[in-house]
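Okay, so here's the structure we're looking at.
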Amino acid sequence: MTSGRRLAVLLVALAVVAAPAVVLRALCVGESCDEANAATARVPFCPLQADVRDLIVAGFRDGRSPDVSAVTEPPSTVVTLVPGAGVAWPSAAVPDLRVPIVFAGTGVRPGTIPEGTRLDRIAPTLEPLAGFHRPHPDVRSGDAIPGVATSERTRLIVLIAWKGVGSAALDAEPDAWATLRALHASGAGTLAGSAGSLPLDPAAVLTTIGTGALPADHGIVGATIRDDRGRVVRAWSAAAPPSIVSTFAEDLDEATGQAARVALVARRAADRGLVGGDWYLGADRDDRIFGPAAPARSVAGLLADGYGADATPDVIGIALEGSVGRQDAETAAIVARVRASGLPATFVVAGTGSRAPAATVAAATVAAQ
């Protein structure tokens, strides 16, 4: 397709049996989708369960998403390997999208957040804490969570993302996240929020957290996306188009005349959706610290460099990786460093969704078949 535009999406349901003998059975063949079903479908593919279909639509952006999306039949699992994670293909069964969302520190009113609260509501909830209103709220799906923010202003927002962690992972290791539990107890949060879209690719979900929009709006649908010519490129690479929607950090930077400072501490460039950095032309360059160094040490360096030192709020986005216990320990070290500085700081901790289980079949094997 030379235009680079996806005129239609073919959604294929696959039944996958044990490797190496992979047998694919496409649903909706012959009479399995009758005319009545086709007439009532709200999207141009064979009807799945409504909840699953809506999540896939929320994760799809025309011109950015793949030509073919696939759904597996349980109990099979197909996994696409992306840097630092394995992303499970959507399943015909309603998936577990539960994620923790916790606010704590300056300007946060202690309490509970309703279960099912989506990650795209984090960024709008931070606006009053930073003392500004983002332009064009109609381009974003998320809105502020009522009752979380007080009138108190913060000087530093520390946005911590737990990659590959969802509520199911917390359930499986109840003793591994004491820091998250303490932040939850002292702040406002839920341990059963929602990622809001499928697939659970960290690049897409981090951008949802950063922008306050779902992938259908922000266009970073995964670790690989289509560029304006239809070519497949890595998200947030030099060859990739930017997010369609600006991030909270970018809007704060613009609203303060570049006085706000923004940093990202992460292992990979694909994690940039947490803060963005190139949506506004001519904006100053953010601090980006990539690599396996201890995140708390990087945060300490940013604090020493003046983050949070004046009345203009700054943002540090941190994307963590590893086991639940490791990410909790790194969060504890980060929180301790910031609190030791004495700065009025607000912490947000959110998971991107539980990582895929051991693959029944690798996506490359399915592609070859």
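Just wondering, is there one or more residues in the stretch 346-357 that are of a type in the set (Lys, Arg) and surrounded by fewer than 19 Cβ atoms within 10 Å (Cβ to Cβ)?
Within the stretch 346-357, none of the residues are of a type in the set (Lys, Arg) and surrounded by fewer than 19 Cβ atoms within 10 Å (Cβ to Cβ).
Taking the stretch 164-225 and the helices (runs of 4 or more DSSP H) fully enclosed by it, the elements with 3 or more residues that are under 10 Å from the mean Cα position of the chain (by Cα) and of a type in the set (A, V, I, L, M, F, W, C) are at 202-211.
ALA104 - would you say it is among the hydrophobic types (A, V, I, L, M, F, W, C), open to solvent by less than 10 Å² (accessible area, probe 1.4 Å) and under 26 Å from ALA269 (Cα atoms)? So ALA104 fails the test.
Of the residues making up the stretch 60-74, those that are hydroxyl-bearing (Ser, Thr, Tyr) and either part of a strand (DSSP E or B) or on the phi > 0 side of the Ramachandran plot (or both) are SER69, THR72.
The values are calculated or read from the model by the stated rules, or taken from the named source; none is laboratory data. No experiment lies behind these values; they were computed from the predicted model shown. Note that each Cβ is placed from the backbone with ideal geometry, even for glycine, and that neighbours are counted across all protein chains shown. Side chains are part of the model used for accessible areas, which takes the heavy atoms of the whole protein and leaves out ligands, DNA and RNA. Shrake-Rupley method; radii C 1.70, N 1.55, O 1.52, S 1.80 Å.
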